[in-house]
Amino acid sequence: MPEFIPLETPIYMTATFQNPLPDGGPSLSDRGLDLKYSREENPTVRKLERLVAWLDGFEDGLAFSSGMAAISTLLLSRARKGVMVGVDAYSATISLALDLRDMGFRVRFVRIDEIVDSISRDYGLLLVETITNPMLRVPNLASISERCDELDVELAVDNTFASPVLLRPGGLANHSIQSATKYLAGHNDVIAGTLTSDELRDLWEWRRKLGTILDPFRSFMVIRGLHTLELRVRRQSETAMKVARFLQDCELVEWVTYPGLESHLDHPVARELFNGLYGGVITFIPKADPDKVLRNLSVVRPAPSLGAPRSLANRPWSSASSLPPDLVRYMGIREGVIRLSVGLEDPEVIIADVERALKAARSPSGEVPSLLAGDPHY
């Protein structure tokens, strides 16, 4: 009987573990692997991995130092088999895939509407986002999964924008990746990534060699965030629906896309795929200089992330500026696009802030008084 039972996960902040044990037996993790060095295995990290695997609907998981560390480890492990990447994706993912192609590996980019017909045995892995960043397309995962099974192609999904609250990828994909920095951790204070699957031994070896494991303290912080994951994502999704409808009807907005809107190109797919929610991110184009809009936001803060308690907005065009211009056009990212990540504020407060910023960007002076002038909390 232990002397105490902690209700929260202990942080095993140690680089090494005694191995063998005093009785001469091996020290093993719950995976049955030697527990000797935290670059390989750590009990705090293992708790996070098991939790996310359960949320995703898979047998096991790996935690990484960032979402890109998870993607890099997966793509490097499959590079010799050929990799197909949905081009409607995060710019860093595309940039990594371009580098792999320059190194001589077979890499192909394909638009979301062409994925099913493009799947072939020449590429052993297909990576797509369940809600694409930043244009918010939603692939028909049922059709994609069926075609991958027919041709024995591994399907990996980046489920960051949807999170397990909207979609559990187990049963549809072979692997699920998330930037745990976003909705899983949920507080804009952790950089982390996860990869879940039913079979991870080869990827565990790649992570061990690349040194991309997450550290124990940040694993604890992501675990803490998981306690409120569903509450946060549900609130953010419901708020985003209200904000999206406002933007759709606003005369100061040229164009808006959000999977929950009936006008969204993939709304029927999203309605079938997700759990009655459509995520916390909206993409729109104002009828004004987007930089002026961002400068005049008060509640919403200009920042390149999502899934935080605070609403954030940025220009994807800037993030994609390192990519070849013709590829950016192929991805469909227009210069005036703003990506808005809805936080936990009151919907009416967010709407008022965005409306005020849109009006300010159109005014002769280029600004109007802040909603938060004199508020010490902001």
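Could you please tell me which pairs satisfy a Cβ distance under 6 Å, a separation of 6+ or placement on different chains, a first residue in the stretch 96-109 that is of a type in the set (A, V, I, L, M, F, W, C), and a second residue that is part of a strand (DSSP E or B)?
97/85; 97/107; 100/107; 107/83; 109/85
Taking residue 92, is it in contact (Cβ under 8 Å) with a residue 24 or more places away in the chain, under 17 Å from residue 182 (Cβ atoms), assigned by TED's automatic domain parsing to the domain that holds residue 203 and surrounded by fewer than 24 Cβ atoms within 10 Å (Cβ to Cβ)?
Working: in contact (Cβ under 8 Å) with a residue 24 or more places away in the chain: yes; under 17 Å from residue 182 (Cβ atoms): yes; assigned by TED's automatic domain parsing to the domain that holds residue 203: yes; surrounded by fewer than 24 Cβ atoms within 10 Å (Cβ to Cβ): yes.
Against the criterion (in contact (Cβ under 8 Å) with a residue 24 or more places away in the chain, under 17 Å from residue 182 (Cβ atoms), assigned by TED's automatic domain parsing to the domain that holds residue 203 and surrounded by fewer than 24 Cβ atoms within 10 Å (Cβ to Cβ)), residue 92 qualifies.
Going by the structure shown, is residue 108 of a type in the set (Lys, Arg), in contact with a Phe, Trp or Tyr (Cβ under 9 Å, 6 or more places away or on another chain) and in a strand (DSSP E or B)?
On the way: of a type in the set (Lys, Arg): yes; in contact with a Phe, Trp or Tyr (Cβ under 9 Å, 6 or more places away or on another chain): yes; in a strand (DSSP E or B): yes.
The answer is yes for residue 108.
Which of the residues spanning the stretch 232-291 are under 19 Å from residue 159 (Cα atoms) and of a type in the set (Lys, Arg)?
Across the stretch 232-291, the qualifying residues are 232, 234, 235, 271.
So is residue 147 farther than 12 Å from residue 273 by Cβ, surrounded by fewer than 23 Cβ atoms within 10 Å (Cβ to Cβ) and touching a Phe, Trp or Tyr at 6+ places or on another chain (Cβ under 9 Å) or not?
On the way: farther than 12 Å from residue 273 by Cβ: yes; surrounded by fewer than 23 Cβ atoms within 10 Å (Cβ to Cβ): yes; touching a Phe, Trp or Tyr at 6+ places or on another chain (Cβ under 9 Å): no.
Judged against the criteria, residue 147 is not a match.
Output the residue which, of all residues in the stretch 325-338 that are in a loop (DSSP other than H, G, I, E, B) and free of Cβ contacts under 8 Å to residues at least 60 places away in the same chain, is farthest from residue 111 (Cα to Cα). Give the derivation first.
Taking the stretch 325-338 first, the residues in a loop (DSSP other than H, G, I, E, B) are 332-337.
Cutting the leftovers down to free of Cβ contacts under 8 Å to residues at least 60 places away in the same chain gives us 334-335.
Values: 334: 16, 335: 19 Å.
For the stretch 325-338, the residue satisfying everything is 335.
Taking the stated definitions as given, is residue 26 modelled with pLDDT of 95 or more, over 30 Å from residue 319 (Cα atoms), not assigned by TED's automatic domain parsing to the domain that holds residue 163 and not acidic (Asp, Glu)?
Working: modelled with pLDDT of 95 or more: no; over 30 Å from residue 319 (Cα atoms): yes; not assigned by TED's automatic domain parsing to the domain that holds residue 163: yes; not acidic (Asp, Glu): yes.
Judged against the criteria, residue 26 is not a match.
A quick yes/no check of all residues on (1) of a type outside the set (S, T, N, Q); (2) under 23 Å from residue 332 (Cα atoms); (3) not assigned by TED's automatic domain parsing to the domain that holds residue 261:
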residue: 99; (1), (2), (3): yes, yes, yes
residue: 110; (1), (2), (3): yes, yes, yes
residue: 122; (1), (2), (3): yes, no, yes
residue: 133; (1), (2), (3): no, yes, yes
residue: 137; (1), (2), (3): yes, yes, yes
residue: 147; (1), (2), (3): yes, no, yes
residue: 151; (1), (2), (3): yes, no, yes
residue: 154; (1), (2), (3): yes, no, yes
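Can you tell me which of (1) buried (at least 24 other Cβ atoms within 10 Å of the Cβ); (2) farther than 26 Å from residue 342 by Cβ is the one residue 158 doesn't meet?
Tallying (1) buried (at least 24 other Cβ atoms within 10 Å of the Cβ); (2) farther than 26 Å from residue 342 by Cβ, residue 158 fails exactly one: (2).
Can you find a residue in the stretch 257-275 that is at pLDDT below 95, surrounded by fewer than 18 Cβ atoms within 10 Å (Cβ to Cβ), not assigned by TED's automatic domain parsing to the domain that holds residue 92 and not in a helix (DSSP H, G or I)?
Residues of the stretch 257-275 at pLDDT below 95: 275.
Add one more test, that the residue is surrounded by fewer than 18 Cβ atoms within 10 Å (Cβ to Cβ), and what stays is 275.
Narrowing the set further to residues that are not assigned by TED's automatic domain parsing to the domain that holds residue 92 leaves 275.
Those left that are additionally not in a helix (DSSP H, G or I): 275.
Yes.
For the stretch 205-215, state whether one or more residues are within 30 Å of residue 283 (Cα to Cα), more than 13 Å from the chain's Cα centre (by Cα) and surrounded by 24 or more Cβ atoms within 10 Å (Cβ to Cβ). Steps first, please.
The first filter runs over the stretch 205-215 and keeps only residues within 30 Å of residue 283 (Cα to Cα), leaving none.
Looking through the stretch 205-215, none of the residues is within 30 Å of residue 283 (Cα to Cα), more than 13 Å from the chain's Cα centre (by Cα) and surrounded by 24 or more Cβ atoms within 10 Å (Cβ to Cβ).
Working only within the stretch 276-290, note down all residues that are in a loop (DSSP other than H, G, I, E, B) and of a type in the set (Ser, Thr, Tyr). Reasoning before the result, please.
First, pick out the residues of the stretch 276-290 that are in a loop (DSSP other than H, G, I, E, B): 276-280, 287-289.
Correct list: 278 only.
If you check residue 219 against the conditions, is it out of contact with any His (no Cβ under 8 Å at 6 or more places or on another chain), assigned to a helix (DSSP H, G or I) and in the same structural domain as residue 129 (by TED's automatic domain parsing)?
On the way: out of contact with any His (no Cβ under 8 Å at 6 or more places or on another chain): yes; assigned to a helix (DSSP H, G or I): yes; in the same structural domain as residue 129 (by TED's automatic domain parsing): yes.
Considered against the rule, which asks whether it is out of contact with any His (no Cβ under 8 Å at 6 or more places or on another chain), assigned to a helix (DSSP H, G or I) and in the same structural domain as residue 129 (by TED's automatic domain parsing), residue 219 comes out as yes.
The values are calculated or read from the model by the stated rules, or taken from the named source; none is laboratory data. Predicted model, so just to flag it, every value in this text is computed and none were measured. Cβ sites come from the backbone with ideal geometry, for glycine too, and all protein chains shown count toward neighbours.
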